[in-house]
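Trainee: Before I ask anything, here is the structure I am working with.
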Amino acid sequence: MMMQNRLTTMGPHQRRGRAEGIYSVCSSHPRVLLAAFARAAADTSDLLIEATCNQVNQFGGYAGMTPADFTRYISAMADQMGFDKGRLIIGGDHLGPHVWKNETADSAMDKAETLVAHCVSAGYAKIHLDASMALGDDPDGPLAPEVSAERAARLCRAAEAAAKKLPAGASWPVYVVGAEVPTPGGSMAEPGDVPVTDPGELAGYLDCCQKEFERLGLEDAWLRVIAVVVQPGVDFGGLWVAPYQRLPAAALSAFHDRLPNAMTYEIHATDFQHPDALAQMVRDHFCLLKVGPALTFALREVLFALACIEQEWLGSRKDVVLSGLREVLCEEMAQFPGHWSGHHPDSGPVPDWRVLFSYLDRVRYYWGRDRLQAAVQQLENNLGTTIPEPLIRQYMPDLSPSVADKAVAPASRDLADWKIRNALNPYAAACRMDQNPK
């Protein structure tokens, strides 16, 4: 049985001229996820949350969670928010051998197949089969599409084997394929024109995939491939954003009607696109929109603004111990540079403004550290629940109207949640998440 939700209906609806989509929240930060649950609850819409193979895997990943742990984590949050779990979709992004790409192909693929099986067993409903990267003993240069397709089919076979062991009545997973997958979390390249996927090459890759799926007896699974990852020319780096442009992507958009089955387009690195661009992308069939760093970027923005308010409002008071949020953050990042130094090689041993304010938002890896959690808690305790409105207007002018209209309370936690929801609003609007036709 295949699930029936926005993931499985948007491809056919797009072909019938209905511009709808779905956004995927690629984050494990609790503030981001709570804001996403609130946004979806307001829309009475499906909510898709995904974890990458780096973040969550059978060995724990950098989040320290296995797939089963991640499912429990998200499920508990849904319970906390009173969210209808029938509208919750948990997925796995970049599921494949990426984490083990320096190992031999046999070793990396064995681990990747185990990862995919664990994800399906844990209840992941959307599986991105990403075998696009060269592995340790592969020839130099880009991976041939035939090899990528063969490996994606192997991953799917492992997923299907796990799905057969699910409880009776459970929905079978749906899949995403694609050999043209941007760098997870944003590009490290210099700004410039972002190449758009060539429709002819896409057709050839999909033909390879279908043949490999059929060779492994996965015909039914092929019917459940609901999207292919393509590049319509959008990306971002540390200091730049490549905006969506319709003309270069026109041929790829037109090819949508030739996609097999109920397939549509999945787009990565849509962070920081203009709201009008997101809406146009959905109208042009680029309708499964992945977003992550833009949401934690919004969280970083509001926390830095609150730290400025703390200094301005309370800095001269002898009875207040300031949080020192930015100082603690910089100290932690300098002491543990593994999450940012490779992405900002021109920075020194202490993160500078290019790191702290980067669109890549490598800061997001540090909010869960004990000292940062304590600093954020101290910041919120210091500011209380009634921050003076003129200071909100000065340091958070985008949120000031909502405070004035009583839509959001002038309290630090409320302002942070509202800021993240505001970052999600253009995605909800572009995808028409408040409209749920059968």
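Trainee: Take the residues in the range 387-438 that are of a type in the set (Lys, Arg) and more than 21 Å from Leu33 (Cα to Cα), then tell me which one is surrounded by the fewest Cβ atoms within 10 Å (Cβ to Cβ).
Mentor: Filtering the range 387-438 for residues that are of a type in the set (Lys, Arg) and more than 21 Å from Leu33 (Cα to Cα), the one surrounded by the fewest Cβ atoms within 10 Å (Cβ to Cβ) comes out as Lys438.
Trainee: Residues that are among the acidic types (Asp, Glu), at least 1 per element: which strands (runs of 3 or more DSSP E) completely within the range 1-109 meet that?
Mentor: 47-52, 88-95
Trainee: Determine whether Thr44 is within 23 Å of Gly21 (Cα to Cα), among the hydroxyl-bearing types (Ser, Thr, Tyr) and either touching a residue at least 12 places away in the same chain (Cβ under 8 Å) or in the same structural domain as Val177 (by TED's automatic domain parsing) (or both).
Mentor: yes
Trainee: Please specify each residue of the range 110-138 satisfying the condition of being of a type outside the set (D, E, K, R) and part of a helix (DSSP H, G or I).
Mentor: Ala112, Thr114, Leu115, Val116, Ala117, His118, Cys119, Val120, Ser121 - these are the residues of the range 110-138 that are of a type outside the set (D, E, K, R) and part of a helix (DSSP H, G or I).
Trainee: I would also like to ask the following. Identify, by number, the condition in (1) assigned to a helix (DSSP H, G or I); (2) under 30 Å from Pro337 (Cβ atoms); (3) among the polar types (S, T, N, Q) that Ser402 doesn't meet.
Mentor: (2)
Trainee: Follow-up question, since we're still on this one. What number of residues within the range 305-318 satisfy the criterion of being surrounded by 17 or more Cβ atoms within 10 Å (Cβ to Cβ) and either in the same structural domain as Ala51 (by TED's automatic domain parsing) or without any contact (Cβ under 8 Å) to a residue 24 or more places away in the chain (or both)?
Mentor: Qualifying residue count for the region: 0.
Trainee: Which one is farthest from Gly292 (Cα to Cα), of the residues in the range 319-351 that are free of Cβ contacts under 8 Å to residues at least 12 places away in the same chain and surrounded by fewer than 13 Cβ atoms within 10 Å (Cβ to Cβ)?
Mentor: Looking at the filtered set, the residue picked out is Asp319.
Trainee: Still on this model: Scan the range 51-61 and give yes if some residue there is surrounded by fewer than 24 Cβ atoms within 10 Å (Cβ to Cβ) and among the small types (Gly, Ala, Ser), otherwise no.
Mentor: For the range 51-61, residues surrounded by fewer than 24 Cβ atoms within 10 Å (Cβ to Cβ) and among the small types (Gly, Ala, Ser): present.
Trainee: Would you point out the residue of the range 146-157, among those that are over 24 Å from the mean Cα position of the chain (by Cα) and touching a residue at least 40 places away in the same chain (Cβ under 8 Å), that is surrounded by the most Cβ atoms within 10 Å (Cβ to Cβ)?
Mentor: Applying the filter and picking the extreme gives Arg154.
Trainee: Quick one: which of Met281, Met263, Met333 is in contact with a Ser or Thr (Cβ under 8 Å, 6 or more places away or on another chain) and on the phi < 0 side of the Ramachandran plot?
Mentor: After applying the criteria, what remains is Met281.
Trainee: Right, next: Can you spot a residue in the range 62-69 that is without any contact (Cβ under 8 Å) to a residue 24 or more places away in the chain and surrounded by fewer than 19 Cβ atoms within 10 Å (Cβ to Cβ)?
Mentor: Yes - at least one qualifying residue is present in the range 62-69.
The values are calculated or read from the model by the stated rules, or taken from the named source; none is laboratory data. Note that the coordinates shown come from a computational prediction; the quantities given were computed from them, not determined experimentally. Cβ: placed from backbone, ideal geometry, glycine included. Neighbour counts: every protein chain shown.
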